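The values are calculated or read from the model by the stated rules, or taken from the named source; none is laboratory data. Remember, predicted model here, so these are calculated numbers, not experimental data. Cβ coordinates were reconstructed from backbone atoms using ideal geometry, including for glycine residues, and neighbour counts include every protein chain displayed.
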C-alpha cells in the first residue's frame with residue numbers, strides 16, 4: 001500500500017526546487033510588463049520580445065501549478081488552499097492581473113523569513129507594500145494613458161496616485177477615468193486597508209509582548225526576593241534551634257545539681 005504522504009513529499013521537493021526559477025520568471029515578467037509602459041516609443045522588436053516573455057512566464061507558472069496539483073495527495077484541498085495560484089494561471093488575458101505572478105516573490109521571502117510569525121508578517125507587509133506600489137503604478141498608467149480626460153499620464157504621477165490611494169488619503173488631484181483603472185483603484189484601496197490593519201495588529205502584538213516581558217521580569221525579581229527572605233528565615237530558625245538545644249543539654253536537674261556542688 002502506498003504511503004499517503006509520498007505525494008505531498010514529492011510536491012514539497014518540487015516546490016523547493018522551483019522556487020528560485022519561478023522567482024526569476026516573475027522578475028522577468030515584471031521587467032517585460034514594465035518596459036513598454038515606461039517607454040511608450042519602444043521599438044517593435046523589443047515590444048514583441050516583451051510580449052513573448054510575458055507568455056513564456058505564464059506557461060512556466062501554468063506548468064508549475066499542474067505539476068503541483070498532480071503531485072498533491074488531496075487535490076481538491078490543494079486547489080482550495082491555492083486559489084491565488086489558480087487565479088495566476090486562469091486569468092492571463094487580463095493584463096493587470098498577470099502581475100499576480102509576483103506573489104511568488106512573497107512566497108520565497110516567507111520561506112526564508114525564519115520561524116517567527118512576526119518576522120513573516122514583517123516580510124509580507126514590506127514585500128507586499130513595495131510590490132503593490134510598483135505594480136499598481138504600472139497598471140494604472142497602462143490603463144489610463146491616452147484615455148479621454150485622463151489625468152494620469154506619467155509614471156511619477158501614477159506613483160503619487162498609488163501612494164495617496166494605498167494610504168487611504170485620496171487627495172483627489174489625480175483619479176482614474178477608465179473602467180480598468182477604477183477596478184485597479186478599488187483593489188488598491190482594499191490592499192491599503194489590509195496593509196494598515198496588518199501593520200496595526202503587528203505593532204499591537206509587539207507592544208503586548210513587551211508588556212508581558214516586563215511583567216515576567218518583575219515577577220521573576222519578586223520571586224527571587226521571596227526566596228531570599230525564605231532562606232534568611234530558615235537560617236534564623238536553624239540558629240535559634242541550635243541556641244535552644246545548647247541551653248537544654250543534659251538530663252533534667254543536671255544544671256541545678258552542678259550549681260549546688262559548686263556552692264558546697
Looking at 200, 179, 167, can you tell me which residue is loosely packed, with under 15 Cβ neighbours inside 10 Å and closer than 14 Å to residue 133 by Cβ? 167
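Tell me the helices (runs of 4 or more DSSP H) entirely within segment 149-264 that contain at least 2 residues that are modelled with pLDDT under 80 and touching a helix residue (DSSP H, G or I) at 6+ places or on another chain (Cβ under 8 Å). Show your work before the answer.
On the way: elements: 155-166, 179-247, 254-263.
By residue number, 179-247.
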Could you list, ordered by first residue, the pairs with Cβ atoms under 6 Å in which the first is in segment 64-86 and in the same structural domain as residue 13 (by TED's automatic domain parsing) and the second is loosely packed, with under 14 Cβ neighbours inside 10 Å, at least 6 apart or interchain? 69/75; 73/4
